[in-house]
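Shown next, in structure tokens, is the structure this report addresses.
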Amino acid sequence: MKANFMKLREIMMSEFPDQWSEIKGANYPVPEWTMYAGQVMSMVQLFAMAVILIGDSLWTYIPGFSRGPPEFYFQMKENPALAFIIVFLVVPSYIQSYTNTGAFEVIVDGKLVFSKLESGRMPNVPEILRALQAAGLKKA
């Protein structure tokens, strides 16, 4: 993505010279809950690895499990491949899908010129150049 931005930046500088104080690209902010969900998922994965390495005796060290492991643990032991796929592949992929917003926005002097989030599609270069002209920039 950075290469695409750098190419667009170069085109904008050549098509509209001396009209830019700064052209910058940045990642669109992701929802805050995805950061927390990612951290929780990392802890769940570490716990799963500890259970695999230490075994059933790990549950005696966790408050509230003095009687032994919970029922879901035995179900996961009966089908370890499914448990592995869910804990290490499915849930992290689901959380990751929320961190990639797919946003592409062009803002000139604080005014939104183009938004992929609003239009639902990626613009082509001539379309961006027309939008910049409509925003008041003069082509060389």
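The values are calculated or read from the model by the stated rules, or taken from the named source; none is laboratory data. Source: prediction; values computed, not measured. Cβ placement follows ideal geometry from the backbone for every residue including glycine, while neighbour counts extend to all protein chains displayed. Ligands, DNA and RNA are stripped out before the accessible areas are found, and what is left, the full protein with its side chains, is counted by its heavy atoms. Shrake-Rupley method; radii C 1.70, N 1.55, O 1.52, S 1.80 Å.
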Suppose every Lys and Arg Cβ carries +1 and every Asp and Glu Cβ carries -1, with no other charges. What dipole size does the chain come out with about its Cα centre, to the nearest 20 debye?
320 debye
For the chain, the accessible surface attributable to carbon and sulfur atoms (probe 1.4 angstrom, ligands and nucleic acids excluded) amounts in percent to 60 percent
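I'd like to compare 7-13, 50-56: which one has the highest average count of other Cβ atoms within 10 Å, and what's the full order after that? Don't skip to the end; give the middle numbers.
Working: 7-13: 14.3, 50-56: 12.1.
Put in order of decreasing packing, that is 7-13, 50-56.
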Helix 2-15 axis, angle to the chain major axis (alpha carbon atoms, nearest 10°):
10 degrees
Under a 1.4 Å probe, what is the accessible area of the chain per residue, stated in Å²?
74 Å²
Excluding same-chain pairs closer than 8 in sequence, count the lysine pairs in the chain whose Cα atoms lie under 20 Å apart.
12
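Semi-axes of the equivalent ellipsoid of region 1-62: what are they in whole Å, largest first, if each equals the square root of 5 times a C-alpha gyration tensor eigenvalue? Intermediate results must be reported in sequence, preceding the final value.
Working: eigenvalues 521, 29, 7 Å².
Semi-axes, largest first: 51, 12, 6 Å.
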By how many nm would the segment from Glu10 to Lys139 grow when fully extended, if each residue of separation counts as 0.36 nm and the alpha-carbon distance is taken off?
45.0 nm
Selected from Met76, Leu53, Ala103, residue furthest toward positive end of dipole (the chain; charges at beta carbon)
Ala103
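Normalised by the residues of the chain, what does the relative contact order come to in percent, with Cα pairs under 8 Å and at least six apart? Kindly include the intermediate steps, with their values, before the conclusion.
Details: 83 pairs, mean separation 39.6, N = 140.
Value for the chain: 28 percent.
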To the nearest 10 degrees, how steeply does helix 32-54 sit against the main Cα axis of the chain, on a 0 to 90 scale?
30 degrees
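How big, on average over all directions, is the shadow cast by the Cα convex hull of region 58-99, in nm²?
Details: hull surface 15.8 nm².
It is 4.0 nm².
Once the convex hull of the alpha carbons of the chain is built, what does its volume come to per residue, in cubic angstrom?
Details: hull volume 22.9 nm³, N = 140.
That works out to 164 Å³ per residue.
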Only loop residues by DSSP count here, and only those with at most 16 other Cβ atoms within 10 Å; note down the trypsin sites (Lys or Arg not before Pro) in region 48-121 that meet that.
Arg67, Arg121
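Expressed in nm to one decimal, what extension gain is obtained for the pair Leu117 and Ser57 from 0.36 nm per residue of sequence separation less their Cα-Cα distance? Intermediate values should be presented prior to the final figure.
Details: separation 60, 0.36 × 60 = 21.60 nm, distance 4.99 nm.
Net length gain for the segment: 16.6 nm.
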The chain: angle of helix 125-134 to the longest principal axis, Cα-based, in degrees nearest 10
60 degrees
